[in-house]
Structure formats: structure tokens, C-alpha cells
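Visitor: Structure provided below as C-alpha cells; questions to follow.
Every number in this text was worked out from the coordinates using simple rules, so none of it is lab data. These figures come from a predicted structure and were not determined experimentally. Using ideal geometry, Cβ is built from the backbone for each residue, glycine included, and neighbour counts are taken over all protein chains shown.
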Amino acid sequence: MFKYFLTFVIILGLYACSTNKVKQKENFNAGIIYGKGHAFFLTAPKGWVLDNSSGVSQGLHAVFYLEGNSWSNATSVMYANTTLKEIQGDENVEKVIEGDIFRFKANSPDLNVIDAAPLLTRDNKKCIVKYFSGDIHGNYEAVAYIDERKVVVMIVLTSRKKEEFDLSLPAFKELVASYQFMTDDVRIEK
């Protein structure tokens, strides 16, 4: 599935009004991620970069990493992805999560999955959050699953080291908190 991404370097009055105070030099590293069945807004956490090109070869049109790093060399990265419910045959977020765990464990039988505390998005949606560790690559991941009508949105933090994972969790929570769904009626004209 092709994803489309549009990045805005925001000086949007609408967003500025919602933050009360806006410093003139502040850089709003934000964007709208859209494709079939979804359009949503994310803002990079403070000190992180939103990159709309480095992950494209992996099907990821919104990737995040710490300033001074790159998508390929960062120890911790984050990204947003979606799955269409109709394509997966999944009718709800629980089935998407169940399918993810099944697929991950097929490749990594020693995978450990922990239920984390739910998080709230900017538009007050409650996310189901899972922590994954023990995969064949030794990664640590946090995944926030957000159930929308046509898609399940996944916001993912992945780290090569446990210490980096723990240090990046506040940024992950900040990214999830910035999420705001816009519409599932996306029309892309060619």
C-alpha cells in the first residue's frame, strides 16, 4: 500500500492558537500523514526530527530520530504506520495486535510482550500500548495502537539498546500525545 506524506514547517495560526505561547524561533517539526482511509497529524518531540524521505524504501513516510542522527545510524527511531482493516481482514484493533504478536513470534520465538499503560492522543483517543523485547535482532519496541474506523494506526519506538529505549520513552509518549486524526475520507487525485 502506498502512503503519501506531506510535511509542513508549521507557522499555522490554528496550531499556534492551541499552544497559547509560540516563540518566534520555535520550529514546529510536524506533518500530516495520509493515504487510503486515513489522514492524521503528528508533531516530532522536542529534539527529534521528522523525516519524510529516509524511510520511504521501507514503506514508512514519517520517521523520527534525534537531531544530529539519521534514520540509518540512530540507536532509537520512531515511525508511524497504518494497516487497512479490510486488507488484513481485521475488524478491530485487538485482532491487529493479535496478528502482529503472532507474526513477530513466528520470527522470534523468545519474544516477550508486555502490556503497558494506555496513552491518550491529542484528540483524547485511548491507545493500547505494548512493549516488545527479545526479538532475533535484540531490539526493544513500544507500539501504540490507535483504532480508527478504516485503519489501525501504529506509532512505534524501536531501540537497539535497553538504555536508549528507556531514555526515548518520554519522546515516544510525546509523539503519541501529538496524534490527531483528521479524516478517513481521503481522495487522492492523479
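Visitor: In the range 112-190, which GluC sites (Glu not before Pro) fall in coil by DSSP and have 11 or fewer other Cβ atoms within 10 Å?
Guide: Loop-located and lightly packed - GLU189.
Visitor: Cross-link list LYS46/LYS150; LYS95/LYS190; LYS105/LYS161; LYS125/LYS190; LYS95/LYS173: which exceed 28 angstrom alpha carbon to alpha carbon?
Guide: Working: LYS46/LYS150 30 Å; LYS95/LYS190 33 Å; LYS105/LYS161 20 Å; LYS125/LYS190 32 Å; LYS95/LYS173 23 Å.
Result: LYS46/LYS150; LYS95/LYS190; LYS125/LYS190 exceed 28 Å.
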